[in-house]
Every structure is written in C-alpha cells, then in structure tokens.
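See below for the structure under consideration.
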Amino acid sequence: MFIPKRVIFEKGALDYPLGQELYTRFTQDPKVEIFEAATNRVKTHIPGDDLSQMYRHGKQTLVVGIKKSLKFQSCKPSAHYQLPLVSGCMGQCEYCYLNTQLGDKPFVRVHVNVDEILAQAEKYAQERLPHKTIFEGAATSDSLAVEPLTHSLAKCITYFGERDYTRFRFVSKYNDVDGLLDLKHNGHTEIRFSLNTPYIINTYEHATASSKLRIEASSKVSRSGYPVGFIIAPVFMYPNWKEEYHDLLVNLKHELPEKPPHPIIFEVISHRYTLRAKNRITQIFPETSLPMTEEERSFKYGQFGYGKYVYPKEQLADMKAFFTKELDDLFPYKDVKYII
C-alpha cells in the first residue's frame, strides 16, 4: 500500500466524502505532511534541488483532487477508453515510459469524484450500444497501490459487474487485492499483473511488490473467479535469463489454480527504449545499469512517429521461440495476446 510522506488536497477535494475520509486519515498521522492548495499548483509543495531529488520527492507525494474534465482519453487497442481514477504511480521503475510523461515531480493523484467518473463512463457505454465498451483503469497509473486508501477499484468492479454491456481491466505491480476478493464482479473485470524475474524486479523495479507477492495475489483473484492476465515485461536478455524466466513461469503455474475459471492471458514484451527516455533515465538514475547501448540494438520506427532501440532480429526470434514453448508447455488453458 502507498504510504505517502506528504498529501496535498486540491481545492474542492474536501467537498466529497472520499476527500474528507482521506483528510481525516492523514491528519491523524504525525509522519505525514498535509497541505491544502489554494490553487492547483501542487508542485510548489514538493521539494527537490535537482531532477533526481524532485523525482523521488514526487513519488512520495499523494495529491487528492477532482477529475474536472470528464472527456475520457482513448485507450486503443486494448480498451475503448481510459477510466481516470488515478494518475501516476508510487513505483520507481528505472525503465518506465512514464518517466518522460509525468514531469519533474511525478506525484500520485487520486480523484475523489468517482461517482461522476462512473456516470460519464455510463454515457460512453450507452453511446456504443449494443456493443460492449471496455474501460482501462491503469493506462497511466497503478490504482491497486492506493486501493486500500480509496476503495475506488472496488466501487468500479461492482459497478461494471452489474452491467452486461461494460468491461473493466487494470494492471498492477502490487498485491493489495484482499478488498476485491468478495465482490460481485460477474467476470466483467480482468485483473492483470506485470511480472518479471526477481533479479529484474530487485535491480530496476524499486518500491514495487516482489514477484512472489504478485503471483500470490494473482492466485487469490483467479480463485475468486476473475479473468487473470500477466504482462511479462520488459523482458531483458542477460546471463541466465532463460533459466530465470523459466523458473518464474513454473512458480506461477504452481500457484494458480489447476483449472482456472478463465483462460490465463499473457502478453510478453521485450525491452526497448528511446533516446529521449535514455536521457531522462540517466538523469534520474545516474548509476543505472539498464542495457541501453545503441550499438547493441536495432533501430525501429514506432507507430507514434518516433524511433526506439530494440533487440536485434535474431535475439527477438530467440526470445519469441523461448516464450512460445514455455507457455505452451506450462499453460494449456491460455490466451497469448502477443510476444514482441
């Protein structure tokens, strides 16, 4: 669970029950700094003399606010719309693309007007009838890490579970699932976990749950009837990578129910980076050991008009063959979305 060092309440947040609940909770904790922002210029309350310090102080900051613009962003191809419950993430993953998206002080913001957000989701869903509408709850965030504070995911899961024409999905690197296990989800919410080997998590995924805790959480939600998926990403090719990813998948198989209620969903994504991301990463994490040597990679233009450095074609083919065989051998009841 996210335990912030400072909490900033934006104007109007205390007009909502969740805002009041969070205010009461944190004002009783002497270890937490509390600020009430007269305007929404919250970054003035977050310290830091250089980019590395600002990043870390931002990651320790919770902003409690209102989602004013209820125009949802598209989330193709995985969903129709983003569901804006949370923005930002407490995790400090060195390779994360959000390092280039969320500014110098990447705080976590929770929105307290969840009922209004769901009412807007209903409007979007009604417009698409008779087709189902899929909402993504973690496009630029990790909502599960703040779920014990907000209970917003539980409200959304219950809401979408009551509607045959909507579906909900989110992904996480955390394990705070206990409050979701007894909900009437009706199989309408897909919970995915980002997985990696213990070596990669310990080296690059700071302030996240261990692979063991994520796998245990995935077993809990699968046994509670949820559709469950795994994003194995980013896959790194390092000494003994095949042995360690094999062990990870074996551990996963042993923890999941023998006959899960839904096919296990897999997405496998190799590590890639842009020069813009590399520049940002090396400023925030000057001692990083991320493999970002252009001479060892191939350059590939992306779908959004910029280029990225990926593993050479032969290595990607080896990676794809490895994961294809592993998943076929270990998970007969599965749905592999892609291995790239």
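The values are calculated or read from the model by the stated rules, or taken from the named source; none is laboratory data. All values derive from a computational prediction rather than experimental measurement. Note that each Cβ is placed from the backbone with ideal geometry, even for glycine, and that neighbours are counted across all protein chains shown. The area values use the complete protein model at the heavy-atom level, side chains included, leaving out ligands, DNA and RNA. Shrake-Rupley method; radii C 1.70, N 1.55, O 1.52, S 1.80 Å.
Overall, segment 50-178 carries a charge dipole of about 320 debye about its Cα centre when +1 sits on the Cβ of Lys and Arg and -1 on the Cβ of Asp and Glu, all other atoms neutral.
Checked against a 28 Å cut-off, the cross-linked pairs K59/K325; K173/K242; K59/K308; K43/K68; K76/K313 give Cα-Cα distances beyond that limit for K59/K325. Taking the Kirkwood radius as Rh and the Cα radius of gyration as Rg, segment 119-167 has a ratio of Rg/Rh equal to 1.01. For the chain, just say rounded, prolate or oblate: build the C-alpha gyration tensor, square-root its eigenvalues into a ≥ b ≥ c, call rounded for a/c under 1.5, and beyond that prolate if a/b exceeds b/c, oblate if not. Oblate shape, in that a/c is at least 1.5 and b/c is the bigger or equal ratio. At a probe radius of 1.4 angstrom, the accessible area of segment 141-260 per residue rounds to 38 square angstrom.
Take the chain, connect every pair of alpha-carbon atoms lying under 10 Å apart with a spring to form a Gaussian network, then pick out the residue of E116, E136, E295 with the largest mean-square fluctuation. Taking springs between Cα atoms under 10 Å, the residue moving most is E295. Scattering from segment 41-183 was approximated by placing one identical point on each alpha carbon and applying the Debye formula without solvent; log10 I(q)/I(0) at 0.08, 0.09 1/Å stands at -0.23, -0.29. Here's the picture: charge each Lys and Arg Cβ at +1 and each Asp and Glu Cβ at -1 in the chain, and of L181, V235, I157 the one pushed furthest to the positive end of that dipole is I157. Rounded to the nearest 20, the Cβ-based charge dipole of the chain about its Cα centre (Lys and Arg +1, Asp and Glu -1) stands at 800 debye. The orientation-averaged projected area of the convex hull spanned by the Cα atoms of segment 143-215 comes to 4.9 nm². Pairwise Cα distances in segment 195-279 exceed 17 Å in 51 percent of cases. Placing +1 on the Cβ of every Lys and Arg and -1 on the Cβ of every Asp and Glu, with nothing else charged, gives segment 97-144 a dipole about its Cα centre of roughly 80 debye.
For the residue pairs K212/K259; K184/K220; K220/K253; K67/K132; K5/K212, alpha carbon separations beyond 18 Å are given by K212/K259; K67/K132; K5/K212.
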